[in-house]
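Colleague: After the structure tokens below, expect a handful of questions from me.
The values are calculated or read from the model by the stated rules, or taken from the named source; none is laboratory data. Just so we're clear, the structure is a prediction, and the values are computed from it rather than from any experiment. Every residue, glycine as well, gets a Cβ built from its backbone with ideal geometry; the counts of neighbours run over all protein chains shown.
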Amino acid sequence: MTTKSSDEDPAGRILRRLSDAAEHVSGICFKTGPPSRVGVELEWTTHRAALPAAHLRPSELRQALGPHAPAVLGNRDPAPLPGGGTVTLEPGGQVEISSAPAGSPAALHAAMAADQAYLADLLARSGISLGDSGLDPHRPPVRILDTPRYAAMQHAFDRAGNPSGHTMMCSTAGLQVCLDAGTESRAAARWDAVHAVGPPLLALFATSRAHAGRDTGWASGRMRAWHGIDRRRSGPVPAGGDPPERWARYVLDAPLLCVRRGDGRWDAPEGVTFADWIGGALPEPPTVDDLEYHISTLFPPVRPRGYLEVRYLDAQPGGEWIAPVAVLCALLADDALTDSARDLAAPAAGRWWDAARDGLADPVVAACAADIADLACRHLDRTGLPRPVRDLVAGVVGRRLDHAGAAAA
């Protein structure tokens, strides 16, 4: 952890009051302005194509990714992918592409589709394939990356006797959509709408029923794992009131997952929250940099990071990732659509557990999913996506709804 304080180093400023921390959280996490950009993070489990149940070694991924291998694999100067995306790696060997912010869904799709195809081909040359669901269907969780952060995370989950934490770290793969928060007058409405449509979209695009060779019994076993860790870290930000205030309280009340130290041992004391740290629970006080790092260890379904990071979607097979992205972008295309989406989803608002467990078998969630899917598909032209891509999106959505209807019958 950093303890120096200097006017020339804002990140090193020591935090001694809860109000100062809350003010900083609100300032960096809710940046308002006209919504114009969209980004995405695509994550996949990785497998030996000939033996998908075998665990990969870091050296295999380092060799396969070549100049695009991330720093965690020892590459000091990672090269971006041709479409501008950057590659990162998760503890269990999941590979992720993070896009640059795009000015439209069409530009985002063009860049990321190219990067996805490039990455898949690059890995295939080394006999490695990308998974197509939100949870590893073949293997139990095994951490293959050894970093102070990941070691501290595993220690915290093991200490709590929480196997969900290990599954979350090593076996899950998500689709994250990054959206501008919106203007100051509309930011709260967009925040509420993105949360309200969460359970229906989680259920509509759930892909992670199987894990380690068995049926989990959950439509989204991935979200079951995330729900299974400390709700103060992974539960939704409480509804009601002012979003920046709610988020600041969430951040301060969350327990520390790791505390950075020079000796490489980042284990956090059990039960100590960031508010406790400011109150003197640790020998040295926290800094602004420590606060921002703490925020990176919090995983609610929607996380504000200067933009809205939607985290409740499972990874999708092949190029179908554009379907949930397009649906979200259509629902947020203007104020009237945003408000309509929020109202249509209202009966299912807060039903995160039901949506993850039962998916579209939950009648309330299913009815809301059908309503907001219809609204989005009628306005896909607002995304600017080419007609063939819009047809793909509508086809994916229709197939998911039809499959749910057939199962219910």
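Colleague: Exactly one condition in (1) among the basic types (Lys, Arg); (2) touching a helix residue (DSSP H, G or I) at 6+ places or on another chain (Cβ under 8 Å); (3) under 30 Å from residue 272 (Cα atoms) is not met by residue 62; state its number.
Modeller: The number of the failed condition is (3).
Colleague: Pull up the stretch 101-160, narrow it to residues that are at pLDDT 95 or above and among the basic types (Lys, Arg), then point me to the one that is nearest to residue 222 (Cα to Cα).
Modeller: 139
Colleague: Right, here's the next one. Report, by residue number, each residue of the stretch 82-106 that is of a type outside the set (Gly, Ala, Ser), assigned to a loop (DSSP other than H, G, I, E, B) and either within 28 Å of residue 382 (Cβ to Cβ) or out of contact with any strand residue (DSSP E or B) (no Cβ under 9 Å at 6 or more places or on another chain) (or both).
Modeller: Residues satisfying the conditions are 82, 91, 101.
Colleague: Could you tell me which residue of the stretch 278-294 is nearest to residue 156 (Cα to Cα), considering only residues that are buried (at least 20 other Cβ atoms within 10 Å of the Cβ) and either in contact with a Gly (Cβ under 6 Å, 6 or more places away or on another chain) or among the aliphatic types (A, V, I, L, M) (or both)?
Modeller: Per the stated criteria, the residue is 291.
Colleague: Pairs needed: first member in the stretch 74-90, among the aromatic types (Phe, Trp, Tyr); second member anywhere, crowded, with 20+ Cβ neighbours inside 10 Å and assigned to a loop (DSSP other than H, G, I, E, B); C-beta distance under 6 Å; at least 6 residues apart or different chains.
Modeller: none
Residues checked against (1) farther than 23 Å from residue 179 by Cα; (2) in a helix (DSSP H, G or I); (3) modelled with pLDDT under 95:
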position	(1), (2), (3)
368	no, yes, no
372	no, yes, no
376	no, yes, no
381	no, yes, no
388	yes, yes, no
407	yes, yes, yes
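Colleague: Determine whether the stretch 254-272 contains at least one residue that is modelled with pLDDT of 95 or more and closer than 30 Å to residue 132 by Cβ.
Modeller: Yes, because at least one residue in the stretch 254-272 is modelled with pLDDT of 95 or more and closer than 30 Å to residue 132 by Cβ.
Colleague: Does the stretch 26-55 hold any residues that are more than 30 Å from residue 128 (Cβ to Cβ) and modelled with pLDDT of 95 or more, and which are they?
Modeller: Result: 37, single match.
Colleague: For the stretch 157-180, what are the residues that are in a loop (DSSP other than H, G, I, E, B), of a type outside the set (Gly, Ala, Ser) and buried (at least 20 other Cβ atoms within 10 Å of the Cβ)?
Modeller: Hit for the stretch 157-180 is 180, nothing else.
Colleague: Kindly provide the set of residues from the stretch 37-54 that are out of contact with any Pro (no Cβ under 9 Å at 6 or more places or on another chain) and either closer than 26 Å to residue 100 by Cβ or crowded, with 17+ Cβ neighbours inside 10 Å (or both), ordered by number.
Modeller: 40, 41, 42, 43, 44, 46, 47 - these are the residues of the stretch 37-54 that are out of contact with any Pro (no Cβ under 9 Å at 6 or more places or on another chain) and either closer than 26 Å to residue 100 by Cβ or crowded, with 17+ Cβ neighbours inside 10 Å (or both).
Colleague: Okay, next question. Looking at the stretch 187-199, is at least one residue among the aromatic types (Phe, Trp, Tyr) and within 15 Å of the chain's Cα centre (by Cα)?
Modeller: Taking every residue of the stretch 187-199 in turn, none turns out to be among the aromatic types (Phe, Trp, Tyr) and within 15 Å of the chain's Cα centre (by Cα).
Colleague: Do we have residue 314 as touching a strand residue (DSSP E or B) at 6+ places or on another chain (Cβ under 8 Å) and farther than 17 Å from residue 39 by Cβ here?
Modeller: Yes, satisfied.
Colleague: Surrounded by 23 or more Cβ atoms within 10 Å (Cβ to Cβ) and touching a Lys or Arg at 6+ places or on another chain (Cβ under 7 Å) - does that describe any residue in the stretch 312-322?
Modeller: yes
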